[in-house]
1. If the label point is 7 Å along Cα→Cβ of A:R83, which residues in the range A:143-159 have backbone nitrogen under 15 Å from it?
2. Just to confirm my numbers, what's the Cα centroid distance between the range A:242-300 and the range A:80-114 in Å?
3. What ranking do A:E137, C:E116, C:E28 get, fewest neighbouring Cβ atoms within 10 angstrom at the top?
4. With all distinct Cα pairs included, what does the Kirkwood hydrodynamic radius of the range B:192-291 come out to in Å, to one decimal, could you say?
5. Multiplying the sequence separation of C:V124 and C:H215 by 0.36 nm and subtracting their Cα-Cα distance, what value in nm do you get?
6. Report, as a whole number in µm² per second, the diffusion coefficient that Stokes-Einstein gives for chain C at 37 °C and 0.692 mPa s using the Kirkwood radius over alpha carbon pairs.
7. What is the fewest-to-most order of B:S151, B:S19, A:S146 by other Cβ atoms lying within 10 Å of their Cβ?
8. For chain B, treating each Cα as an identical point scatterer without solvent, what Debye log10 I(q)/I(0) comes out at q = 0.15 1/Å?
Amino acid sequence: MSGTPGTSHGFWIGFAVVLAALVVAPLVLPEFWRRFVTEILIWGLLAMSSDLLIGYTGMVSFGHSAFFGLGMYGAAAALLTVRPPNLWLAVVYGLVAAAVVAAFVAYFSTRLRDIYFSITTLVFSQIFYVVIFTWTELTGGENGLSFRQPPFGIPGLVSIAFTPVTLHWFVLGVVTMSYLLLRRITQSPFGMVLQSIRENEPRTRAIGYPVERYKIVAVLLSGLFAGLAGVLYAVQNRFAAPDFVFFIVSGEVVIFNVMGGMGTLVGPVLGAGFFFMLREMFSRYFTQYYLIPVGIIFTLMVMFLPQGLLGFLRRRLNQ
Amino acid sequence: MLAIPFEEFLVQTVNGLVSGMILALVASGLTLIFGIMDVVNFAHGDLLMLGAFVGSGVFLSTNNFWAALLVAVVVIAALGALLQLTTLRPLLGRDPLTTILATFGISLVIQNYALWQWGPSARKISEPIGGQFQLLYLQYPVYRIAIALLSAAIIGALWLFMKYGTYGIWIRATTQDRVMAAAMGIPVPAVHAAVFAIGAGMAAASGVLFAPLVGVTQTIGLDFTLRAFVVVVVGGMGNLGGSILASIFVSLLEAYASLFVSPAQAVIVSFVVLVLTLLFRPTGLFVPTPK
Amino acid sequence: MLALRDVHAHYGKSHVLHGVSIDVGPGEVVGLLGRNGVGKSTTLKTIMNLVRASAGSVTFEGRDIVGLATHRLPSLGLGYVPEDRRVFRLLTVLENLRTGLDRPRMTAERREALLEKVYGHFPVLRERRNQAGGTLSGGEQQMLAIARAMVLEPKIILLDEPTEGLMPRMVGQIRAIIELLHAEGVAILLVEQNVPLTLAVSDRVYIMEKGAVRHEAPAAALRADDAVIHQYLGV
């Protein structure tokens, strides 16, 4: 079903078409939509990272905001303390921060399954939220931290400031590479074990796989990619704020997965796009209360479209 | 470490017990629904909040707290039954995780509906029982003690109902063996709807009882939901007695912690308890060791 | 009274019942024999709508009960004692009985009389009435499961392997209970592995093989001639 192994020509053709469209997009789209597409790519990366847990391993994480947020704050730390601001250092700091948090969460929460796992990830993300929110001296508290955008640079060679278009390309490059990496991971023997955990955990354990260790690694990897998304978001928006550690963000990530189609990697990105489209659409009539209709649509999709948009489209195309 | 005067310690003990009883009321609704239907109701805190708003509406027009409490419980219980019938019943037999997702969707809708309907400013319900009494060095509101007692009374009534009432036996039988309960003629679908209604009603009751202390806003449920989740896990999922003990335990710890740190940070104490529980006793603190 | 006509049933993709037809008359004790896995228990579950009949009809007193919710069947007069008994383990013996006793339109006197009646038949249940069902011995749990079905005052009891795993002394007791129910005019559809017991208590016997009924005969005929039994069951 998910993560079809083997590589068909069809896949690479589709991949190239979509990639080409995304490369061209910022050159032809008006300012608002260009920004929109860049953001969807970032949220899409976050959604893909959580799909590794939700769709492939069968662990619904309600705590991805912690990894994403720590990625943001890690980037902020690098950009505020090191002169001149260095993009790559921001990435490294962000990944390290996310990895530390992910290791902590993974160690404890993988002891639990199903709902218990979800609740503990949720609670953990709230711990980090409270810490960040109240530790004003370090994190800026409620106001968060703002900083200047680092230039794109290759040490010793070039250093050029981002324009919205080049930033879009940078984000696209990172997200594409992450996608290919994640796709590789899910199709590797490691990814197969994760899927076998999802299908039947006791059997996987009985065959002799150290299930807990696999789960810990899965959470770690997932946290790293989520942290990377956080770095990108921080670089794009030039701030880190506690709102992004709050569990509402985690909830949105779950929504992306459900809407797009869990266990497909591409689906969650599509889901992120769909969610933001719905938000744009409904904001016109419902202003900031757009989550009323979106929540209803989400609930209906959980009930009647468990495969998500991608599953729905696939079935339609196969008919 | 600073020496804490004994009197402050005593006051915090009373505070901890009071908030522990409210938390226990919130958590027991959650536990009830989980124990019987394997459903983690993500919208529990939102039902609490909605109950508080309904209560404040009734209070505004009648100026009667008890009428507000009663109407809120009945309305939210009915809403709970409706939600169960429309969203959760069709999911019966599907992966239990889908119920989290569905109730999460409901939670989003309720939250934003409340914001849209009532706006962000807080509403006040005045205490039905005024007055203060001398507790050591400070004037302590009588109402806080009254809430604790009322919560205890509601939980006690639930316990008696579950233990001796016919419907209580139906509910427990359904919990243990849904199929056999049906074969005995117990209307299982109705039992499920009723349990959801009871859980929702208890959430509404906690919302209205708590409202005079903090005022009614959309976020009134949020803080409770997370702490209720914590005590439900710490107490052993689905174990009513366990989650009540865990509520009191965690609230006492938080109260003592607030002697040293700000209340916002004291919340972390309950999270630490959760982590330690998971580490050393993942089946829950207040359940007998499984054989 | 109870009539199955050409009933088919599936577990997922596997086809378990291939056209089962069975009749049970009022007050009649009917045995259902067959090796393991031929669909005897599934037949009972299909009657109770715990497994859905994919084709065919099930009627009770002339009324079509296919697709009728399980919880509505006891009020029509069907009692069910499942294989492995399934007493409510955390409920006390009395609470187990109350799941059947506390039903709408039940008067206090009738309730009391019913309770006295089952306590009369099963004195051990009275002794242990405040003990959790899960703490009873296997034989006691079986008695509780039967008593629980009896308080429903059913017209027919579907009895699934009541002697499985019981000591010989207990088997005698179960036989006595079946005979007593028979004498009271309660019909029984008895699924059993114990051939002698089934032949002894039944009026008629069906023999199943591979999800279908292969043979039907009065129990007396099979008692006299065990060739058929030998052919299908190898005993």
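1. A:148
2. Cα centres, the range A:242-300 to the range A:80-114: 25 Å.
3. The most exposed by this proxy come first: A:E137, C:E116, C:E28.
4. In the range B:192-291 this quantity evaluates to 14.7 Å.
5. 28.9 nm
6. My calculation gives 181 µm²/s for D.
7. A:S146, B:S19, B:S151
8. Log10 I(q)/I(0), no solvent term: -1.20.
All of the numbers you see were taken from the coordinates with simple rules; none came from a lab. Predicted model, so just to flag it, every value in this text is computed and none were measured. Cβ atoms come from the backbone with ideal geometry, glycine included; neighbour counts cover every protein chain shown.
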